[in-house]
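Trainee: Below you'll find the structure I mean.
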Amino acid sequence: MQGRTEIDEKVTLRVLIADDHEMVLDMFAMYLTRAAGMEVTTAKSLDEAVDIIVAEGPFDVVLLDLNMPGMNGVIGLKRAIKQNGGNPVAIITGTPTPRMLDEIMNAGSSGIVLKTTAARSLANAIRFMHSGEQYMPLELMRGSAQAASRNVRNGNLSDKEMTVLSYLAEGKQNKEIANELQLAEPTVKMHVTAICRKLGAQNRTQAVIMARDLGLV
């Protein structure tokens, strides 16, 4: 999970879960309704999910199976995000590849929920995303950290990127870094993007956290 935030468990959330695997769908829906007190609507395809959003209005949180009919990868995710009025839309999947993980988060997903997630953890993840944060399971974050470590060992961060990273760790913004290094601000932004990609981070804050864990800053 990224960041810390206050999560109100007393709020009744309207949740839409779309998955073509009935066992997964029924298990999640049953727990969220009975134990977590959420108002759950289900669908078995992207088209059905979008039709429900159009008919009933945006949901507090929408969860979409990455591989169900109509998704076509992140294209379906972007379609649902557009329809859900700015409210969180997240992906349910097995174990995504690092490339797919990047595509999902870069497409605007509020998080990734693994199909092996315990029902109670799912409820917490939904509340976390509803609070405005991005959710990622610990095992996926560990995988990203391991990939980042391999990148560092392979020398994939350039000297300039390491310098920019050190300024990020000091909390400096792109404009301040540009002034310090006498670079154009778009150039600094390009370096920040490269750092995030190579470390497997979703944003500059996560990049700094991962870099500290790796002993880079």
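Trainee: Using the Kirkwood radius built from alpha carbon pairs, what does the Stokes-Einstein equation give as D for the chain at 37 °C and 0.692 mPa s, in µm² per second? If you can, show how the numbers build up before the last one.
Mentor: Numbers: Rh = 18.5 Å.
This corresponds to a translational diffusion coefficient of 178 µm²/s.
Trainee: Specify the longest stretch of the chain that does not include any exposed loop site, a site being one of the GluC sites (Glu not before Pro) with a non-H, G, I, E, B DSSP assignment and at most 16 other Cβ atoms within 10 Å. Don't skip to the end; give the middle numbers.
Mentor: Working: sites that count: E6, E9, E170.
The answer is 10-169.
Trainee: Which order do you get for R14, R120, R79, R127 if you rank them by accessible area with a 1.4 Å probe, largest at the top?
Mentor: Details: R14 60, R120 155, R79 95, R127 25 Å².
Order by accessible area, largest first: R120, R79, R14, R127.
Trainee: Out of residues 5 or more away from S45 or on other chains, whose amide H comes under 5 Å of its own, with H placed 1.01 Å from N in the peptide plane?
Mentor: Here D19 satisfy the definition.
Trainee: A further question follows. Taking the Cα-to-Cβ direction at M162 and at A119 and moving 7 Å from each Cα, how far apart do the two end points lie in nm?
Mentor: Calculated label separation equals 5.1 nm.
Trainee: A follow-up question, please. So, with a 1.4 angstrom probe, what is the percent of accessible area on the chain that is carbon and sulfur? Mind showing how you got there, number by number?
Mentor: Values: 5460 of 11240 Å².
Answer for the chain: carbon and sulfur cover 49 percent of the accessible area.
Trainee: Tell me the mean residue ellipticity at 222 nm calculated for the chain from its helices only (DSSP H runs of n ≥ 4, each -39500 (n - 2.57), averaged over every residue, nearest 500). Kindly include the intermediate steps, with their values, before the conclusion.
Mentor: Numbers: 10 runs with 115 residues, N = 217.
Helix-only estimate at 222 nm: -16500 deg cm²/dmol.
Trainee: State, to one decimal in nm, how far the label point of K82 lies from the label point of E180, with both points 7 Å from Cα in the Cβ direction.
Mentor: Modelled inter-label distance: 4.0 nm.
Trainee: Next question. How high is the FRET efficiency from A55 to V217, r the C-beta distance, R0 41 Å, rounded to 0.05? Walk me through the intermediate numbers first.
Mentor: On the way: r = 50 Å, r/R0 = 1.21.
Efficiency for this residue pair is about 0.25.
Trainee: Once the whole set of protein chains is in place, how much accessible area is left on K189, using a 1.4 Å probe, in Å² to the nearest 10?
Mentor: Rounded to the nearest 10, the figure is 130 Å².
Trainee: Further question on the same structure: Given a Förster radius of 45 Å and the C-beta distance between M23 and T193 as r, what FRET efficiency does 1/(1 + (r/R0)^6) yield to the nearest 0.05? Each step should come with its number before you reach the end.
Mentor: Numbers: r = 40 Å, r/R0 = 0.89.
It comes out at approximately 0.65.
Trainee: Still on this structure, please answer the following. What does the net charge come to around L183 if you take all other residues with beta carbon closer than 11 Å to its beta carbon, with K and R at +1 and D and E at -1? Provide the component values of the computation, followed by the final result.
Mentor: Details: positive: K160, K175, K189; negative: E180, E185.
Around L183, the surrounding residues sum to +1.
Trainee: Could you report the chain's accessible area per residue, 1.4 Å probe, as an integer in Å²?
Mentor: On the way: 11240 Å² over 217 residues.
So the chain comes to 52 Å² accessible per residue, rounded to a whole number.
Trainee: Relative contact order for region 55-108: what percent, with Cα pairs under 8 Å and sequence separation of 6 or more?
Mentor: Values: 54 pairs, mean separation 22.6, N = 54.
Computed over region 55-108, the figure is 42 percent.
Trainee: To continue, here is another question. Per residue Cα convex hull volume for region 66-138, in cubic angstrom? Let's see the in-between values first.
Mentor: Numbers: hull volume 6.6 nm³, N = 73.
Per-residue hull volume (Cα only) is 90 Å³.
Trainee: Sort M30, M23, M100, M105 by heavy-atom solvent-accessible area, probe 1.4 angstrom, most to least. Display every interim value, and only then the final one.
Mentor: Details: M30 100, M23 160, M100 40, M105 15 Å².
Ranking M30, M23, M100, M105 by accessible area, largest first, yields M23, M30, M100, M105.
The values are calculated or read from the model by the stated rules, or taken from the named source; none is laboratory data. Everything numeric in this text was worked out from a predicted model, so none of it was measured. Here the Cβ is made from the backbone with ideal geometry for all residues, glycine too, and neighbour counts use every protein chain on show. Accessible surface is based on the protein model in full, side chains and every heavy atom, while ligands, DNA and RNA are left aside. Shrake-Rupley method; radii C 1.70, N 1.55, O 1.52, S 1.80 Å.
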